[in-house]
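Peer 1: Provided herewith is a single structure, encoded as structure tokens, for subsequent inquiry.
Just so it is clear, none of the values below were taken in a lab; they were calculated from the coordinates. The structure displayed is predicted, hence computed values, not measured ones. With ideal geometry, Cβ positions are generated from the backbone for all residues, glycine too; neighbour counts draw on all protein chains shown.
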């Protein structure tokens, strides 16, 4: 089991005793100790793409297991972000015609970054059409159409409050009725980019 935590990225295993008690223990290496890891995805067996809160990089963690035990040869590769202070608001892999996932998408405050997991490089795929001020909207979904080879990104953001009611945010319910409406965004592109 992989765990993203305010103090790093860890692996753990759960054990059960005969009397029904369960214990969990950290096993193997830990990564990005004393850094807040806020998201991760396993892109192939024992290979993880990890986002670190407010950093200027992402991480690729390759966990090495030999004979069922964690080996000391696990590897961490840092991937430079397109900008500093990354806050992951969603992460997903781009599925494709092959079973090997080699591209990941990260939604952040500025838009969407495309990460090439084989080359360990990042690219700004698109900028967000609306200001991203709401950090609790951790949502990014990727859908792949095998017939057309199109990839669609689905995001959720909020329409900003109208200026006419910003002053009434705490005093009336008008803001809840007239502003801050969710916007579902669907962006489709062909993988030939």
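Peer 1: Under the definition of Cα pairs under 8 Å and six or more residues apart, what whole-number percent is the relative contact order of the range 1-59?
Peer 2: Answer for the range 1-59 is 28 percent.
Peer 1: Can you give me the distance in nm between label points at residue 186 and residue 26, each placed 7 Å from the Cα along the Cα-to-Cβ direction?
Peer 2: Result for the modelled spin labels: 4.4 nm.
Peer 1: What is the extension gain from residue 54 to residue 109, computed as 0.36 nm multiplied by their sequence separation minus the C-alpha to C-alpha distance, in nm to one decimal?
Peer 2: Result for the pair: 18.7 nm of gain on full extension.
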